[in-house]
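Student: I am attaching a structure below and will ask some questions about it afterwards.
The values are calculated or read from the model by the stated rules, or taken from the named source; none is laboratory data. Keep in mind that what you see is a predicted model, and the values were worked out from it rather than measured. Counting neighbours? That spans all protein chains shown, and the Cβs are built from the backbone with ideal geometry, glycine included.
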């Protein structure tokens, strides 16, 4: 993300604790990290931005893959997540400075659609937003070709925005391709 003549890199640190854990509800730390660079080559120190305690209580330890952009004078971040009911969703966060984040909502369909959504992204085309993500656990769907983890996109409902917790219809999901090559 370009910023102040340099670049900000946002990424997930994923640490599995030693021990007998399921690594879904316990035993994993999922943290969002920032590294700043003046030129895209020399990297500064890592800054911890978010940790499990900062995510909503309905989230498991699976929260990852930040996408950050600026819109309307604010910084926005979306993160792929898995909730305690094993439903995939996207967390929406807002910041005034790209450093201190607050939860601003979620994007999720009315019906379950995979147990985890990874690698969320958003694109705006001709005034409409589209949400791209990789849902995990899509078994039993006739169009999935036996592939449980997919990659695709859905349109946000007309007039809704990802930054406002857009409404999405999982029935409108379209795959980027019919194999595993595009996943995450």
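Student: Taking residue 54, is it out of contact with any strand residue (DSSP E or B) (no Cβ under 6 Å at 6 or more places or on another chain), surrounded by 14 or more Cβ atoms within 10 Å (Cβ to Cβ) and under 18 Å from residue 10 (Cα atoms)?
Tutor: When the stated conditions are applied, residue 54 passes them.
Student: Return the residues of segment 26-51 that are surrounded by fewer than 14 Cβ atoms within 10 Å (Cβ to Cβ) and over 20 Å from residue 103 (Cα atoms); say none if nothing qualifies.
Tutor: Across segment 26-51, the qualifying residues are 26, 38, 39, 40, 41, 42, 43, 44, 45.
Student: Tell me, which residue of segment 1-15 that is in contact (Cβ under 8 Å) with a residue 12 or more places away in the chain and not in a strand (DSSP E or B) is nearest to residue 38 (Cα to Cα)?
Tutor: 5
Student: I've got another one for you. Does segment 96-109 contain any residue that is surrounded by 22 or more Cβ atoms within 10 Å (Cβ to Cβ), farther than 28 Å from residue 46 by Cα and more than 14 Å from the chain's Cα centre (by Cα)?
Tutor: no
Student: All but one of (1) touching a helix residue (DSSP H, G or I) at 6+ places or on another chain (Cβ under 9 Å); (2) more than 19 Å from residue 162 (Cα to Cα) hold for residue 62; state the number of the condition that does not hold.
Tutor: So the condition that residue 62 fails would be (1).
Student: A further question on this structure: Give 117, 101, 69, 76 a once-over and let me know the one that is at pLDDT 95 or above and in contact with a helix residue (DSSP H, G or I) (Cβ under 6 Å, 6 or more places away or on another chain).
Tutor: Result of the check over 117, 101, 69, 76: 76.
Student: Please state which one of 154, 162, 123 is within 16 Å of the chain's Cα centre (by Cα), at pLDDT below 90 and either exposed (fewer than 14 other Cβ atoms within 10 Å of the Cβ) or within 29 Å of residue 72 (Cβ to Cβ) (or both).
Tutor: 162
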